[in-house]
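Novice: Structure in structure tokens, see below.
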Amino acid sequence: MRENNYLSDQDITELKNKITLELNLINQRHQETANVGSMAKEELSDPVDEANSNIQVSHDLRMKNRESFYFKKLKKSLQKISDGTYGLCKECDAEIAKDRLLARLTAEMCIDCKEESEMAENSNFFDRRSKSLGKTLNELATR
Ligand SMILES: [Zn+2]
């Protein structure tokens, strides 16, 4: 395992504080939504309200899923800090720029690898499109 010499101890502390703060914010928000949810339930009377509340609940659930994903990534980042692997690209092991980490605390790839993987995703997308388009054209031609 390589040690991360790029970020200073001070940087690491700063990033760690930010991550911890994010985690606390999410925790706090979850507690608030939990309270609001139980209050709303007691006030339910007619079906329209109930339907609206169900929509609200599924919206909250989606938000929670997205947040818990982020939550897990934040936790992982904290773990990486204690392992000394935080800020290293998982693809090429390069050091991720501090600015990038500050903007995106859970970044796991350096900007080069990130762009490369996004480009690969896009080209896959176009491949799929042109393949299905070709299929459609073939189908039309044999009709
Ligand atoms: Zn990389």
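Novice: Amide H to amide H under 5 Å from Leu88: which residues, 5+ apart in sequence or cross-chain, H placed 1.01 Å off N in plane?
Specialist: Hits under the 5 Å cutoff: Ile96.
Novice: Moving to a separate point now. Starting from the Cα-Cα distance between Ser58 and Thr13, subtract it from 0.36 nm times their residue separation and give me the gain in nm to one decimal.
Specialist: Stretched out fully, the Ser58 to Thr13 stretch lengthens by 12.5 nm.
Novice: Here's another thing I want to ask about it. In whole angstrom, and with the biggest value first, how far do the Cα coordinates of region 9-109 range along each principal axis?
Specialist: 58, 24, 21
Values quoted throughout were computed directly from the atomic coordinates according to the rules given, and no laboratory measurement underlies them. Source: prediction; values computed, not measured.
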